[in-house]
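Here is the structure we will look at.
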C-alpha cells in the first residue's frame with residue numbers, strides 16, 4: 001500500500017513538473033501579428049518569414065498569428081495577446097500610452113491617405129463634396145478609416161463611409177469600377193501599387209494628415225535584451241532579407257527599417273479621440 005502511495009506521489013509530481021515546464025515554455029513564446037490586410041496565406045508568407053528569423057535571433061519561439069478580421073485584431077490587441085506587432089502609428093501610440101509597449105523599428109518617412117474618385121467625376125473636386133456621399137474604405141479601426149473620420153469631425157457632416165474587405169488597392173479598384181463614388185487609399189499604394197488601368201481611371205480630391213510611418217512595437221513582456229537583439233537584427237541585412245516582402249509592400253520607395261523611439265508617436269493616438277465606434 002505504501003509502495004502504491006509512493007508511486008502515486010511520484011506520478012503526481014511528474015505530472016506537475018510537466019505542467020510547470022509546459023507553462024514556462026508557453027510563456028517563453030512570443031506572438032507576432034499584424035492587421036488582416038491580406039489573406040491568411042499571404043500573411044503567413046509575409047510575416048511568417050519574419051517570425052522564423054526572429055526565432056533564430058532570439059533562441060525563443062516566435063509564432064505568427066493571423067487575425068480573422070479587424071474586430072478580432074483590435075480585441076486581441078486590447079487584451080494584450082500580442083507581443084510583437086507591425087501596424088500603423090495610431091495603434092502603436094495607443095499601446096505606448098496604455099500598455100507599456102516599446103517602439104522597435106519603423107519604416108522611413110511618413111504615412112497618409114488620399115481621397116480618390118472616378119477621373120470622369122466632375123462633381124467632386126474636394127473633400128467637402130463627399131459629405132453625405134458613398135465613400136469606401138477598409139474597416140475601422142484601420143488608420144485609413146480613423147484618418148478619414150478626422151477629416152470630417154462633425155458627425156452630421158460626414159460621407160456615408162462603407163467598409164469593405166481586402167486591401168487599399170482593392171478600394172481603388174472599386175472606385176475605378178464605379179462601385180463606390182469615392183474611396184480612401186493609402187498614398188503609397190496610389191503611387192506605387194495600383195495597376196495602370198486603375199490609376200488612369202481615378203483622381204485625387206483630398207489628403208489626410210501625415211503621420212509617422214508603420215512600424216514594429218513590442219509588449220512589456222519582451223525583455224530589454226531581446227528588444228535590442230531584434231532592433232539590431234531587423235535593421236541589418238539578414239533582417240531586411242527576412243522582411244523583404246513586408247518592406248517592399250509598405251515602403252516601395254525606401255524598403256528598409258530604421259530604429260524608432262517614443263517621440264515618433266507624440267500626438268498620434270487618434271484612437272483616444274473616440275472617433276471610431278467600438279474601440
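The values are calculated or read from the model by the stated rules, or taken from the named source; none is laboratory data. A quick note: this is a predicted structure, and the numbers were derived from the prediction, not measured. In this analysis, Cβ positions are derived from the backbone assuming ideal geometry, glycine residues included, and neighbour counts consider all displayed protein chains.
Couple of notes before you dig in:
- Of the candidates 252, 174, 233, the single residue that is in contact with a helix residue (DSSP H, G or I) (Cβ under 6 Å, 6 or more places away or on another chain), surrounded by 13 or more Cβ atoms within 10 Å (Cβ to Cβ) and at pLDDT 95 or above is 233.
- Criterion violated by residue 104 - all others in (1) outside the structural domain of residue 252 (by TED's automatic domain parsing); (2) at pLDDT 95 or above; (3) in contact with a helix residue (DSSP H, G or I) (Cβ under 7 Å, 6 or more places away or on another chain); (4) not in a loop (DSSP other than H, G, I, E, B) satisfied: (1)
- Members of the stretch 188-220 found to be surrounded by fewer than 21 Cβ atoms within 10 Å (Cβ to Cβ) and out of contact with any strand residue (DSSP E or B) (no Cβ under 7 Å at 6 or more places or on another chain), listed by number: 191, 192, 193, 195, 196, 197, 198, 199, 200, 209, 219, 220
- Of all residues making up the stretch 123-137, the number that are in contact with a helix residue (DSSP H, G or I) (Cβ under 8 Å, 6 or more places away or on another chain) and under 15 Å from residue 174 (Cα atoms): 3
- Within the option set 51, 93, being under 22 Å from residue 234 (Cα atoms), free of Cβ contacts under 8 Å to residues at least 40 places away in the same chain and not in a loop (DSSP other than H, G, I, E, B) holds for one residue only, 51.
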